[in-house]
Amino acid sequence: MIRHLQAPPAWRRLAFISDLHLGPDTPRTLAAFEALLGRLQADALFVLGDLFEAWVGDDALDQPYAQRVAQALSLSGQQRPQYFIAGNRDFLVGDSFAQACNVQRVDELLTLDAWGDRFLVAHGDAQCLDDAAYQAFRAQVRQPAWQQAFAQRPLEERLAQAAQMRDASRASQAQQVQQGLPFADPDTAHCHGLVTTAGARMLIHGHTHRPGCFALGDGLSRLVLSDWDLDHGSPRAECLYLGPEGIQRESLA
């Protein structure tokens, strides 16, 4: 996995997407993803996690929706380099997935140098320090021993467990909305420290589903990608482009 990327001088446009949450029940979102990759005009593509609603191991590549994702990414990868940072839903992505999809796996934090500037790129879940329950869960499931034990279970059992966890997460989120409780955002002081230590000026991430640009202080900022959902509720989907002229957001909804 890579941790640093120096953009070649010829690169003029980088594309970023995240939080598509693809699965068997997202046919419209998957079709929009395929359409984007089919016409994408960019020198590199960065997928910042939660490409899938749940990923239980690379043997899930046999699932029909996963095969479509792999085919679309593999074809796109013939046109440009592609980089993948795991999210909280697809942290079990492995080398077989990367090979099938023609992507390079990236460590949790990527420093990206381009056009004389430096950016820090992440999924964003590790920076949400106020979500103590999630951070405890994250620490558990990122342990190699937990992942090895989980991988030994039959695929159908893992898929069923992932569905149960997804339903529990949705119920918890709905309860938070009903109670008027705020969702966790990345910790400002923590993000400021990460960006400063990296010598960057901006953190680019997904995860929160709150697209925008937010100040961190001292001229630093964090740029948040949109999530995608064209199958349930309010339609939303976006590709963010970064170039020497600045930032552009393309709505695909």
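The values are calculated or read from the model by the stated rules, or taken from the named source; none is laboratory data. Keep in mind that this is a model prediction, so the values were computed, not measured. Neighbour counts run over all protein chains shown; Cβ positions are idealised from the backbone, glycine included.
How about region 226-253: which of its residues are within 20 Å of GLY23 (Cα to Cα) and either modelled with pLDDT of 95 or more or buried (at least 17 other Cβ atoms within 10 Å of the Cβ) (or both)? Give the steps one after another, and end with the answer.
First, the residues of region 226-253 that are within 20 Å of GLY23 (Cα to Cα): 226-239, 252-253.
Passing the criteria: SER226, ASP227, TRP228, ASP229, LEU230, ASP231, PRO235, ARG236, ALA237, GLU238, CYS239, LEU252.
Tell me, please, whether a residue that is assigned to a strand (DSSP E or B) and exposed (fewer than 14 other Cβ atoms within 10 Å of the Cβ) can be found in region 6-28.
Yes, the conditions are met somewhere in region 6-28.
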Check: surrounded by fewer than 15 Cβ atoms within 10 Å (Cβ to Cβ) and in contact (Cβ under 8 Å) with a residue 60 or more places away in the chain: does that describe ASP113?
Finding: yes
Check: Within region 190-230, how many residues turn out to be part of a loop (DSSP other than H, G, I, E, B), closer than 28 Å to ALA32 by Cα and of a type outside the set (Phe, Trp, Tyr)?
Finding: 10
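Quick check: anything in region 48-67 over 30 Å from GLY116 (Cβ atoms), hydrophobic (A, V, I, L, M, F, W, C) and assigned to a strand (DSSP E or B)?
Yes, that holds for at least one residue.
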Check: Residues of region 236-252 being in contact (Cβ under 8 Å) with a residue 40 or more places away in the chain and part of a loop (DSSP other than H, G, I, E, B), which ones?
Finding: ALA237, PRO244, LEU252
Note to self: Please pick out the residue among ARG68, ARG13 that is within 27 Å of SER234 (Cβ to Cβ) and modelled with pLDDT of 95 or more.
What the structure shows: ARG68
Next item on the list: Could you identify the single residue in ARG105, ARG80 that is in contact with a Leu (Cβ under 7 Å, 6 or more places away or on another chain), closer than 30 Å to ARG13 by Cα and either part of a loop (DSSP other than H, G, I, E, B) or at pLDDT 95 or above (or both)?
Entry: ARG80
Checklist line | Flag if VAL121 is buried (at least 17 other Cβ atoms within 10 Å of the Cβ), under 13 Å from the mean Cα position of the chain (by Cα) and among the hydrophobic types (A, V, I, L, M, F, W, C) | finding: yes
